[in-house]
Amino acid sequence: MNYLNGRSLLEATTFEALRNSAQLNEPIQIHGAIHNIRDMGDFAFVILRIPEALIQCVIDKTGELASVFQTLQVESTLRMIGMVRFEERAPGGVEYTPTSITVLSKPVEALPVNISKRFKMNVNLDTDLSNRPVTLRSGEMRARFRIQAAIVRAFRDFMDCNGFVDIRTPKIVGGNAEGGTNVFRLDYFGKKAFLAQSPQFYKQTMVGVFERVYEIGPVFRAEKHSTVRHLNEYISLDFEMGYLNDFTDIMNMETALLKHIFATLEKDCERECKALGVVIPKFEQIPTIRFRDAKEAVAEMYGHKIKDPFDLEPVEEQLIGRYFKEEFDSDFVFVTHYPSKKRPFYTMDDPEDPSFTLSFDLLFRGMEVTTGGQRIHDYQEQVDKMLARGMDTDGFEKYLMIHKHGMPPHGGLGLGLERLCMKIFDDSNVRSSALFPRDMNRLEP
């Protein structure tokens, strides 16, 4: 506890608390880092960066703080005691006049990138990423990752309120849930192990325990792609739910989830969204189209030649997004019934046409951000599909245990956090929406 003249001193650690203290007419303590200094002659504006905002502090250079002011530098950290008043012209509508300044630390070198003059840094992506420990202090980056944090909080709140249980699953695993070769291999005390591509097996297992589960965590893909939409480590927002009527239950749940996420951004991140020019999508329902119909529609509408009949090319995703924006004014579209050939072995086939699956992707502004669908819950059906694919069931005993001992109809999805943010921010590269992105060439910072 700090004291002033024998009395306990109020400390404002949030912007809301600082605004509220303007009505108290008594000294308030604050702390933060100097974001910018504007010397005006007899006085100076010191712009202090606190977690939520920038605070304009007015220092009288002819008074008792003159000598202290001469020692101040951008990125010095301070603790100050002073008075708060309302000032419409100041950032956030409040101004702070310190009577005491304690310098807690000083930088030994100037910033490699100027983050103080403008909200947006206007530097190229490589410069930004190479200097992320300091570029993250900019107004632009702080706004971006406050919004990202709000998305994660909204996801968690929605899941908790809808009966889902938060789980934690291993990221070092002995098997490969997704199949294929795009996995990171590890030497695990002389044994073969992998970094998890998905929490899939564990999510399904926990449906048999809690019925509805979710996880927020990293997944790893050893894909040799240097594209604007791929990361080798990203954050996946996953949920799995049991006792489905059909796989559209999952799509309906995601629709409600997205409504909650965007309502949260409007409520809690209005300032950040406005500063970044974010346009929040408005929708009641998300339109749906079958995979085959989607490919044929954009081929006919835009003259695109179909090259791969079993998957969507990135350009096709863009054209499908364009089609649904032009025809239905929708930023979203569910593409359903993907070919069985391109979906994992645990995906349930469509009983009406087993060459297709009860699965979907969600496209947001022309990019896939979610993959989901119904899973096989019958033991023999799952074994038969694995054998039909030439898979050896040895090594899958623990996974198949859930089927062998009874599972309800179930399914779920994985929503890529960075891709969702990429499209919210209208970025050209997903790396801009990752705090410290990992790709083929980047392991630092």
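Bear in mind these aren't lab numbers, they're just calculated from the coordinates by the rules spelled out. Since the model is a prediction, treat every value here as computed from it, not as a measurement. Cβ coordinates were reconstructed from backbone atoms using ideal geometry, including for glycine residues, and neighbour counts include every protein chain displayed.
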Q: Putting +1 on Lys and Arg Cβ atoms and -1 on Asp and Glu Cβ atoms, find which of G41, F86, S236 reaches farthest to the positive end of the dipole of the chain.
A: G41
Q) the chain: Rg/Rh from Cα coordinates, Kirkwood Rh? A) 1.06
Q: Provide, in order from the shortest bin, the percent of all Cα-Cα pairs of the stretch 222-310 in each 5 Å bin, continuing until the bin that contains the maximum pair distance.
A: 2, 9, 12, 10, 17, 21, 18, 9, 2
Q. Amide H neighbours of V183 under 5 Å, counting only residues 5+ apart in sequence or on other chains, H built in-plane at 1.01 Å?
A. A222
(Q) For the stretch 278-311, which GluC sites (Glu not before Pro) pass both filters: DSSP loop (anything but H, G, I, E, B) and at most 10 other C-beta atoms within 10 Å? (A) E284
Q | Most positive-pole-ward Cα, Q23, G63, N114, against dipole of the chain from beta carbon charges | A | G63
**Q.** Between helix 248-268 and the chain: long-axis angle, C-alpha atoms, 0 to 90°, nearest 10
**A.** 10 degrees
Q) Taking 0.36 nm per intervening residue step and subtracting the Cα-Cα distance, what contour gain separates E211 from S105 on full extension? A) 33.0 nm
**Q.** Calculated from backbone phi, Karplus (6.51, -1.76, 1.60) coupling profile of the stretch 41-58 in Hz, x at Gly/Pro
**A.** x, 6, 9, 9, 9, 9, 8, 9, 9, 10, x, 9, 6, 10, 10, 7, 10, 9
Q: Give, rounded to the nearest 20 debye, the magnitude of the charge dipole that the stretch 134-433 has about its Cα centre when Lys and Arg contribute +1 at Cβ and Asp and Glu contribute -1 at Cβ.
A: 1180 debye
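Return the FRET efficiency for the residue pair E233, S355: r is the Cβ-Cβ distance, R0 is 45 Å, and the value is rounded to the nearest 0.05.
Calculated transfer efficiency: 0.85.
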Q) Can you list the lysines whose alpha carbon sits under 16 Å from that of K385, skipping same-chain ones fewer than 8 residues off? A) K341, K342, K404
Q. Using a ≥ b ≥ c from the Cα gyration tensor of the stretch 349-445 (square roots of the eigenvalues), is it rounded, prolate or oblate, where a/c under 1.5 gives rounded and otherwise the larger of a/b and b/c decides, a/b for prolate?
A. prolate
Q: Let me know the volume per residue of the alpha-carbon convex hull for the stretch 3-105, in Å³.
A: 97 Å³
